[in-house]
Every structure is written in structure tokens, then in C-alpha cells.
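Reading through the C-alpha cells given below for one structure.
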Amino acid sequence: MNDPPPPVGIDLGTAYSAIACIDAAGIPQVVANEMAELAMPSTLLFDAQVFAGREAKERREFALDNYADGFKRDIGKPYFSRPLRGQSVPPEVLSGFLVQKLVRDAKPIVGEFESAVVTVPAYFDSRQRMATRRAIALGGLTTIDIVNEPTAAAIATGYERQRLGLASERYKILVYDLGGGTFDATLLVVEDNVFKTFRTDGEAFLGGRDFDACLSEILASKFVEKHGINPHSDPFYAIALNRLAERAKHALSDQTQVQVQFEYAGIAHEMTVSRGEFENAIGPRVERSIMTCQATLADAGLTFADLDEVLMVGGSSRIPLVRQRLQQEAGRPITLHAEPDQVVAKGAAVYCAMASRHPSIPQDSQFEIVNVNSHGLGILGVSLETGEQANQVMIPRNTQLPAQASMAFTTAKDNQSNIRVRLVEGESENPKYCTHLGRGTVKLPSGLPRGTVVHVQCQYDRVGSISVRARIPSTGVDAVVAWNGEGHESLEPLGRWRERLCSRFDGETPNGDVRQSQQNQTGKAGTPWPSALPRDTSLQADSERGRILERLDQLYRYVADHCEANGESGGGTSSEFGLAQVRRIGERLQILESAQKAILAARQSAPPLQDDVESKSHLSTIQIEHHRLTKLHDHLKVEAGRQRFDSPRPLDIDDELGNEIRRLTNWLLEPDSRISPGSQISSGSRISPGY
Ligand code: ADP
Ligand code: MG
């Protein structure tokens, strides 16, 4: 049987990226990556191979000219803000590497897929949207649709509400999205499952990175105060301090002060930063975000009081000051999403399932999205007053899409062969402050007299892609428009970029898979997890009912293993999905455990150090986690087997096994029916190989 590919949503964030899919129970799940993280840092490092995510982030201070982050801020521009290894690199190439990594890590868990819904900030202009599509294509996927991040967040919560039977028919919602690098305020009206964006505004340079920089400044000035030297004057230490600052920032969301140890120029210094100091530093930026919300509401003739909900998403909305200020301003309780950095990817996956009519979600719950343009669309013309080029806005911002507008041009001479138009996005009259989308050349038929009117029509489709047409009313003929967008029309595949940006290829498998080399380092490749670990038997039941349950567990475990051995992909049932996730986390813990053991073994001969004590404590934390996961894994395996057995999909197992399961379940349901559970039951019995 050919199952449809899983519905997948991708949130390519400035700071963190995530990929989500819908499990068989219709619940959106963010897929853990190879490092067992639900959100992968949007960072890359080009060394002998391409490192993406955490591995790149952890090494960044050792790699100043081959490390890239924050490239989402440059998307739509020709090149990333800094050359990498002396080369100018288009930002979509960098995003493409992230997509490739997300996809590669997700496939073993969710199964094969070739397309996805991807999210972008609502304020992204059409060039940025086109560049994002190119990034997805470079990463090996087709874009099913582009959804604005706040809309995706609203869809995720709307879908959850619907699942829980809490949906209301009409509500106004403000999505406040403060992420790693960007801020977005979006007003949506949800009515009869139509998610209609009303207004959107935001800032491309406001987010967690700025808060890290504020905290890093505080730490640097404390260091200067004490020792008279500034760690920020050395790029290596500036980056290291910034990294510490991000960690300290996270801690300050939960505690009122934090200690930071930092060593620079041979001086180790411990500094205390209070939440108050941090709040003072970031206060003005937080206020800016609040003002943007007010302006967005005012533009729609609303105030906070008119809203049914204020939804906070984005990792930075975990900062208490941000929450307090928004709550104060709103004068009402606000919803801080429990997973503010996962909700966007989940919403994208929900929308993907709806767009592809995937059977995992109810067919009667179809959401529709109505977008607005986040920037005005204009044509450059010559201002009659100043004689200078000026932007003439044709479609004002926040117009509901699809939208179109046309402008009349008049030929300046007889037999004019073409008219050139330049399209821009932006509100300013001054072309300097607008985004140039490209030039169109309207090819005119020969013989037109001077003064012929030509209508140039620009159109946004429902997701904000632009097309241009021209028409000559006097002849009733459509003129041909040759469009020359000012972006990268075609880019070389990632393999070529990898060759250019990576110094050598040792350690990398030919298809660029970095996993293999990593596993070899630990010597753990291929070790099945955690089947090799003994099962906890302390709670083994001794009553008859207990022994039957125990036996059923064994049989269901067998079914789960059997299906996996027969190549059934993960994700078929929600427990299978969970199982694959847990297994991945377990593999990661096992790697960490071996690493900690190796550190301890290497130090055995030396006198004990503080570090040893820490390593031992890390080791025992890892082992406790491991034990917990082993139990969870076992539980999920039994569940997966049970769900698989109960599912209507055909199951290729021995009849005897099926009969035994049915007999035992019946006995559990009706113990008085006195059907003998069978003689095979004995504590600790093994499944006979006959199955
Ligand atoms: P983006 O979508 O822009 O990539 P996210 O929504 O994933 O961003 O949020 C990432 C940002 O949230 C980072 O700057 C990160 O440091 C910040 N963040 C995550 N958790 C916390 C926390 N507990 N306290 C403060 N900031 C946090
Ligand atoms: Mg985000």
C-alpha cells in the first residue's frame, strides 16, 4: 500500500529552524534532529565538511571567516553580509544547507517526502519570498506553499482548539512574534476557518540577537570596570562572550540574577548580572515592539480592548519583561504559547496537511488563508514637481490579496519600440528607501503613433508573487513583457558550493552526509538502542492479570520489532513516531555518555580536579536520563505494537500470534469467561522464534 507522503512544515528562523509533521493521530509534532533538538540553531560552519546547527554554533569562535549565522536577515539580497572563505555567497545557498540538514535528519523519523510548506515573516517582500523558495529548492524540496509565520502560529492554535472542540466562529487575534532576529505584529481575523490577515508590521532587526548583544555589552563593561581591558576588542572573545550572554539571558528568564564566569587575557572573572540590569538595557527595544503593536491596531481602527486574543510566540517572548509589558498594555491576560519556538513549524505542517488533503487530519476541517501585502507595490516614474524619479504606489500595503492595479503610460514618440518599467516595494516616495524588484520591458508592436496609451498591470497572487502584464487599449493587444527580476535566477546546486566552501573532503561521505563520520568517531554506529539494555523488571507482576499484561507487552513489542524489521517506516502511528524520536534522543545520550566516560578515563591517573567532579555529575545525569528514556522507549514500543495491531492496515504476522493477542485481550475484557490464557505464560517467558 502506498501511503501518501507525510505533511511537512518548515520554519526557517533567523536564530533557530524547525521541521514538523503530522502524526497518524493528526497531531502536529516537531521532529527532533540528529542532536535530539527540536529547534536547530540556524548556523553553518564550512570546514572539511559542512556543519549545520549546534555543531556549527559550538565552534563559532574558532572559525571567524567560515562561520555563518543570521543570514535570514540578508535573504533577498544578492549576498550574505560577510564573505565566507573569501567568497560572496547568496543567502539562499546558506538557507539551502539548513533545509538539507533539516530534511536529512527528519526523513528517518517521518519517512520520505519531497515537498513542504515553508513559513516566512509576514513583512517579507516578494524578493525575500522568492529567495526563500529558491532556498527550499536548493535543499531538495518543492515548496507547496509559503505561509506567513504569524498565520502559521494562529493556525496551529486554531487547529488545536478545533481538535479540543473549543473553536469559536469568529475571533480577532494579534500575534506578537519576537524571535531571534526579527519582530512581527500581525492582526488576524479568524472566521469560519478562514484566517484572514488584516494588518501586519514588523522590524527586521529586532530580536534575541539584539538582546544577547545588550547583555554581552553589560558583561564587557563589568570586565572593563574591574580589569581595565575590554574582551570585545578581540573578535574571538567577543563571540565567546556573546555565547555566554545568550545562556545568561535564558537563565534570567527563570531567575532574578545569574553568575557568569569569563576568562580573558589570562584573567578569570566572575560577574553577577541581575534581571533588572538586563531589563534596563533591552527596555527601549521592547517598547519599540509595543509601539508597533499599537500602530498596527490603530491602523485597523482597533485597540487592544477589541481583541479576543493576544498570542505571544517566538523564543524571546519567554523574557518576563516582554510578557509583562505586553500584558500591561493589553490590559488583559495574554496567551504565551507553551512552545513559542515550535508553534510556527507545527502550523505549517497543519496547513500542509490541509493543502494536500492528507488523511491524517479530518477532512471537514479545512483552513483557508487570506493574506495582505506587507509592502506597497509601486512603479518608478518621474515626479512632475521635482523632475526626479519617485515611487508611485499602485497597491498600498495591507491590501487583501490577490490584488492588481494598473497604470497608464503614454508613448513619447512615433514607432516607439518599448517601454521600460521598474517595480519597487515600499511606502517611501524616494526610490532609495524601496526594494527594487526588477525591470520589465514592454515590447510594443511597430507603427504605434506618439501618445499611444499603454496600460501596465501588476498583480499579486494570493501568496504575494508578482506578475506584470501590459495592454494597449487602442489596439486591444496584449504587449509582451520581458521581466528581469533582480535576484539570482539560477543558482548552482549545493554540491558545488560545498566544494568551494569546504577545504577538503576527508571525513565526509560522497553524498555529503556528515553523520557517518560522526558515528564512526564514537564507535557506536549501528548499535541498536535500547534493545541491548536490560528491561527493568522490578515491577514484574505476579497476579494472573499482571502476567497476562506482561505477556501482551511482549507480544506487542514483538509486533513493533517485526514491523520495523520488515521496513515499515516510522510515523505510521503516533507511538511509532514517538518511538523514532525517543530512539534518536537515546542514541545521542549514548554518545554523550561515552564521551563523558572517555574524559574521565583519560584523567584517571591525574589527581582529582573540580572538572572530574563535574564530569561525574554530568555522567550520572546522563545515565539517569538514559534510564528514564529506556523506560519510555519500552512503553512506546509496546504502544506502537498495540496501535499497529489494532490498525486496519494489513499486518503480516503469524496467525498463532494474532490469535494469542486476541485471546488475551478478550480475557482481560472478560476475565470471567474463563478462556484459558494459554500455557505459554510464565514470568519472564520469551517469545518463541516461531512467530
Ligand atoms: P527565530 O524564529 O527568529 O529563529 P525563535 O522564535 O526560535 O527565533 O527564538 C529564538 C530566540 O529566542 C533566540 O534569540 C533565543 O536566545 C531566544 N530564547 C529562547 N529561549 C529563551 C528564554 N528562555 N529566555 C529568553 N530568550 C530565549
Ligand atoms: Mg520564528
Exercise for the section: Give me the net charge of ASP11's neighbourhood, meaning all other residues with Cβ under 12 Å from the Cβ of ASP11; Lys, Arg count +1, Asp, Glu -1. Expected result: -2
Completion exercise
segment 121-246: relative contact order from alpha carbon pairs under 8 Å, six or more residues apart, as a whole percent, is 17
Handout entry: Nearest-10 value in Å² for the accessible area of ARG545, using the 1.4 Å probe
Key = 120
Problem - Gap separating the Cα centres of segment 371-426 and segment 186-237, nearest whole Å - result: 35
Exercise for the section: Extending each Cα 7 Å along its Cβ direction at TYR171 and GLN261, get the distance between those two points in nm, one decimal. Expected result: 4.7
Exercise for the section: Show me 452-463, 356-367 ranked by packing, highest mean number of other Cβ atoms within 10 Å first. Expected result: 452-463, 356-367
Fill in the blank from the handout: Computed over segment 39-126, the relative contact order (Cα-Cα under 8 Å, seq sep at least six) in percent reads 21
Practice task
Using a 10 Å cut-off on Cβ atoms, rank the peptides 491-500, 557-566 from the highest mean neighbour count down.
Solution key: 557-566, 491-500
Problem - Listed pairs LYS101/LYS631; LYS72/LYS172; LYS597/LYS637; LYS57/LYS597; LYS346/LYS432 exceeding 27 Å between Cα atoms - result: LYS101/LYS631; LYS72/LYS172; LYS597/LYS637; LYS346/LYS432
Problem - Cleavage-rule hits, GluC sites (Glu not before Pro), segment 413-470, DSSP coil, Cβ neighbours within 10 Å at most 13 - result: GLU427
Problem - Calculated FRET value between ALA602 and SER233, using beta carbons and R₀ = 30 Å, to 0.05 - result: 0.30
Problem - Largest-first ordering by accessible area, 1.4 Å probe, given options HIS337, HIS227, HIS626 - result: HIS227, HIS337, HIS626
Handout entry: Nonlocal amide H pairs with ASP341, under 5 Å, H built at 1.01 Å
Key = GLY314
Problem - Most to least packed among 630-640, 144-154 [average Cβ atoms within 10 Å] - result: 144-154, 630-640
Exercise for the section: Report, to the nearest whole %, how much of the accessible area of segment 56-152 belongs to carbon and sulfur atoms, 1.4 Å probe, protein only. Expected result: 52
Completion exercise
Distance in nm between ALA251 and ARG59 label points, each 7 Å along Cα→Cβ, equals 2.7
Problem - segment 16-173, relative contact order in percent, only Cα pairs under 8 angstrom and at least six apart counted - result: 17
Practice task
Determine, from the Cβ-Cβ distance of ALA48 and ARG163 and an R0 of 51 Å, the FRET efficiency 1/(1 + (r/R0)^6), rounded to the nearest 0.05.
Solution key: 0.65
Practice task
Could you tell me the accessible area of ASP655 in Å² (1.4 Å probe, neighbours in place), rounded to the nearest ten?
Solution key: 120
Practice task
Rounded to the nearest 0.05, what FRET efficiency do VAL224 and MET35 give with R0 = 45 Å and r taken as the Cβ-Cβ distance? Could you check?
Solution key: 0.80
Fill in the blank from the handout: So, with points 7 Å from each Cα along the Cβ direction, the ASP308-LYS631 label distance in nm works out to 4.2
Practice task
Taking the Cβ of ARG275 as the centre, find all other residues whose Cβ is under 11 Å away and add up their charges (Lys, Arg: +1; Asp, Glu: -1).
Solution key: -2
Handout entry: For ALA122, distant residues with modelled amide H under 5 Å away
Key = GLU149
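The values are calculated or read from the model by the stated rules, or taken from the named source; none is laboratory data. The structure presented is a predicted model; accordingly, all values stated were derived computationally and were not measured. Note: ideal-geometry Cβ built from the backbone for every residue, glycine included; neighbour counts use all protein chains shown. Ligands, DNA and RNA are stripped out before the accessible areas are found, and what is left, the full protein with its side chains, is counted by its heavy atoms. Shrake-Rupley method; radii C 1.70, N 1.55, O 1.52, S 1.80 Å.
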